[in-house]
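*Asks:* Take this structure first; my questions come after.
The values are calculated or read from the model by the stated rules, or taken from the named source; none is laboratory data. As the structure is a computational prediction, the values presented were derived from the model and not from experiment. Note that we place each Cβ from the backbone using ideal geometry, even for glycine, and neighbour counts take in every protein chain shown. Side chains included, ligands, DNA and RNA excluded: accessible areas come from the protein's heavy atoms. Shrake-Rupley method; radii C 1.70, N 1.55, O 1.52, S 1.80 Å.
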Amino acid sequence: SIVRSGADGYNSDVGGSDGSMLYLNSGIANGSIVIKSHGLTENQVIGALRFHSSPDNTNYSQSAIKALAGVGAKASALAFYTSATNTDHSGTEVMRIAGANVGIGTVTPGYKLTLAGGDIKAYNFDNNTGVTIGAEDSQRPRIGFHVSDNNRRFKLEFNDVNLATERLGFFTNNGGST
């Protein structure tokens, strides 16, 4: 066990049987490692697994999985972080599991799966066939169908969204990009 002491030198928190904040719980059939925290407010970090990588023993990048407190200090979310450079010591949140919802590119997933900030691609990489869901720009959401030569052959697309000329188009380009 790892015990955290208070300013007076005595253990200030209750965790494992010895008052630790990080402890092994083997009192049940399938033991666990427990990171414990107290009195947290919403979105505070309860505990984290952090993975550091350093090319020169000075700078480092970090990926992490952080458990976050929800309303009433419930352990209700996991946040996943990655770093883009060797000087990014905190990382950027890229995915969150909050309750029963998963968010990629958002910290507030409102649905079972919420994706923000890019296209969704479902591909069979063995033969380059699949479906892309995304937007050409903010006013042109679309679904594209790709075939084995990696060309988008068919596309459903909204045009002129929120205008009097709004319409749904079906496009085809046999043998090329649409």
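*Asks:* Restricting to the stretch 132-146, name every residue that is open to solvent by less than 50 Å² (accessible area, probe 1.4 Å) and modelled with pLDDT of 80 or more.
*Replies:* Passing the criteria: Thr132, Gly134, Arg142, Gly144.
*Asks:* With the requirement that a residue be in a loop (DSSP other than H, G, I, E, B) and of a type outside the set (S, T, N, Q), what does the stretch 30-56 give you?
*Replies:* Keep residues of the stretch 30-56 that are in a loop (DSSP other than H, G, I, E, B), which gives 30-31, 36-44, 54-56.
Selection gives Gly31, Lys36, His38, Gly39, Leu40, Glu42, Pro55, Asp56.
*Asks:* Scan the stretch 54-77 residue by residue and report those that are of a type in the set (Gly, Ala, Ser) and within 19 Å of Ile97 (Cβ to Cβ). Break it down into steps so the answer makes sense when it comes.
*Replies:* From the stretch 54-77, those of a type in the set (Gly, Ala, Ser) are 54, 61, 63-64, 67, 69-70, 72-73, 75-77; that's our starting set.
Answer for the stretch 54-77, where residues must be of a type in the set (Gly, Ala, Ser) and within 19 Å of Ile97 (Cβ to Cβ): Ser63, Ala64, Ala67, Ala69, Gly70, Gly72, Ala73, Ala75, Ser76, Ala77.
*Asks:* Further, regarding this structure: Scanning for something modelled with pLDDT of 85 or more and touching a Phe, Trp or Tyr at 6+ places or on another chain (Cβ under 7 Å), does the stretch 102-118 turn up at least one residue? Quick ask: steps written out before the conclusion?
*Replies:* If we filter the stretch 102-118 for residues that are modelled with pLDDT of 85 or more, which is where we start, we get 102-116.
Retained after the next criterion (residues that are touching a Phe, Trp or Tyr at 6+ places or on another chain (Cβ under 7 Å)): none.
No: the stretch 102-118 contains no residue that is modelled with pLDDT of 85 or more and touching a Phe, Trp or Tyr at 6+ places or on another chain (Cβ under 7 Å).
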